[in-house]
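J.: Take this structure, written in structure tokens, and hold onto it; I'll ask about it next.
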Amino acid sequence: MLLRLLLLICAPLCEPIELFLIASPPQPTEGSPVTLTCMTQSLPHWSDDQPQFRFFRDERVLRLGWSISRELQIAAVWREDSGSYWCEAKTVAPKVFRSRILQMNVRRVPISDVSLETQPPGGQVTEGDKLVFVCSVANGTGNITFLWYKGALGLSLGTKTQHSLTAEFELPMVRKSDAEQYYCAADNGFGPRPSGLVSITVRIPVSRPVLTILAPGAQAVVGDLVELHCEAPRGSPPILYRYYHEDVTLGSSSAPSGRGVSFNFSLTEEHSGSYSCEADNGLGAQRSEVVTLNFTVPVQNRKDHLTSGIIEGLLGTLGPSTAALLFCYWLKRKIGRRSASDPPRIPPRPVPREFTYLNSPAPKQPRPTYENVNVVSGDEIYSLVYSIQQEQSAAAVEPLGTLVENKDPLDIYSRLRKANVTDVDYEDAM
């Protein structure tokens, strides 16, 4: 009878208790939260005992100590969190119950939408500056390995592994040889996924240009076509060249291909002095050294220039009347010089002889010689008259005389009728 009583009392306590561990969701993906719940089919006699729970993963306690909560919440799980899980329950008796093992596998999200960007944006960078490549993925979980490559053949530049959707690779100082195509790849265990190609352009500031002055001959003279050639040894196109004479802008020319260009002009006396040129491609202008241009001015040009300057000054100072007188004097001198240099039009000079005027008729005066000067005004013609006169010396003895030749021809202008020039006699001409 006593044994039966003991069995009735012990029955609820000796009934086998089975615990279950449930994960929600059962197959989580990386980065998602998970809730673990420790449960049993029936614990009617535990209502007053307030059992305590704890959770394990691969023999390691996940939460310190016992807790009255039968749930364990994990904010985010990763591929490394995959493993064996179970829980334990403890009563006041005390007695410990252990659940079955739950095998949980955390799934990884494959990489997708890999892209490559640059800083500065646009793929243009100045030589000597810093260039940063930013590799990004739109989707992907877990540790992601990023890789950067140069050129279509895939020269490896570097790798980086981290829990992030983006990673950076830096070139601290860009050189001209870094102008190439680049791409990156990302891998989280499903194989690398490459990005598209990005072209990098390295812009080179212009170096100091060289100015060359080219002339047709060894020595430039006034009137020559002079060429100013300016060229920068280095610099990314397009390059704008400016030309200066004594720091005054002469003109400008653009070189789309980056080579040197020329500027031509006709040389005058005002072009003597210093020349320079400037190259600019938007990354900073550079000025050439100063080149001095010396050239020869013909003597005749100087005399003509001086004469014209004097005449202009006199015309402006003396007024119209004086200018007219000067012109008449110049015309008279010019006609006289042409007469003296024209032998066929000048009568031959007679051989000097001594004449005796005693008992002799008076010496006959020679007729003058006329010459047209081709000046016609209406019905009037101007002619030039040459006359050689004989005079009797006042100091000579009265019966004797000497023929004296007048060395300066007398220029006489006469107004003639255009209809009959030959009818004019010597007196009219005088």
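J.: Quick one: in the range 130-163, which of the residues that are assigned to a loop (DSSP other than H, G, I, E, B) and surrounded by 14 or more Cβ atoms within 10 Å (Cβ to Cβ) is modelled with the highest pLDDT? Can you show your working first?
T.: Within the range 130-163, the subset assigned to a loop (DSSP other than H, G, I, E, B) is 130, 140-143, 151-154, 163.
Cutting the leftovers down to surrounded by 14 or more Cβ atoms within 10 Å (Cβ to Cβ) gives us 140-143.
On the way: G140: 91, T141: 87, G142: 81, N143: 86.
Looking at residues that are assigned to a loop (DSSP other than H, G, I, E, B) and surrounded by 14 or more Cβ atoms within 10 Å (Cβ to Cβ), I get G140.
J.: For the range 106-122, which residues satisfy the criterion of being out of contact with any strand residue (DSSP E or B) (no Cβ under 9 Å at 6 or more places or on another chain) and either basic (K, R) or closer than 30 Å to L19 by Cβ (or both)? Let's see the steps before the verdict.
T.: Pass one, the range 106-122, residues out of contact with any strand residue (DSSP E or B) (no Cβ under 9 Å at 6 or more places or on another chain): 121.
Correct list: empty.
J.: Restricting to the range 172-203, count the residues that are hydrophobic (A, V, I, L, M, F, W, C) and crowded, with 19+ Cβ neighbours inside 10 Å. Don't jump to the end; show me each part of the working.
T.: In the first step, residues of the range 172-203 are kept if they are hydrophobic (A, V, I, L, M, F, W, C); the result is 173-174, 179, 184-186, 190, 197-198, 200, 202.
Okay, now just the ones that are also crowded, with 19+ Cβ neighbours inside 10 Å, so 184-186, 200, 202.
Here the count works out to 5.
J.: Could you pull out the residue among V222, V248 that is outside the structural domain of S177 (by TED's automatic domain parsing), over 26 Å from K176 (Cα atoms) and in contact with a helix residue (DSSP H, G or I) (Cβ under 7 Å, 6 or more places away or on another chain)? Spell out how you get there, then give the answer.
T.: Details: V248 fails: in contact with a helix residue (DSSP H, G or I) (Cβ under 7 Å, 6 or more places away or on another chain).
Checking each option against the conditions leaves just V222.
The values are calculated or read from the model by the stated rules, or taken from the named source; none is laboratory data. Since we're looking at a predicted model, the values are computed, not measured. Cβ sites come from the backbone with ideal geometry, for glycine too, and all protein chains shown count toward neighbours.
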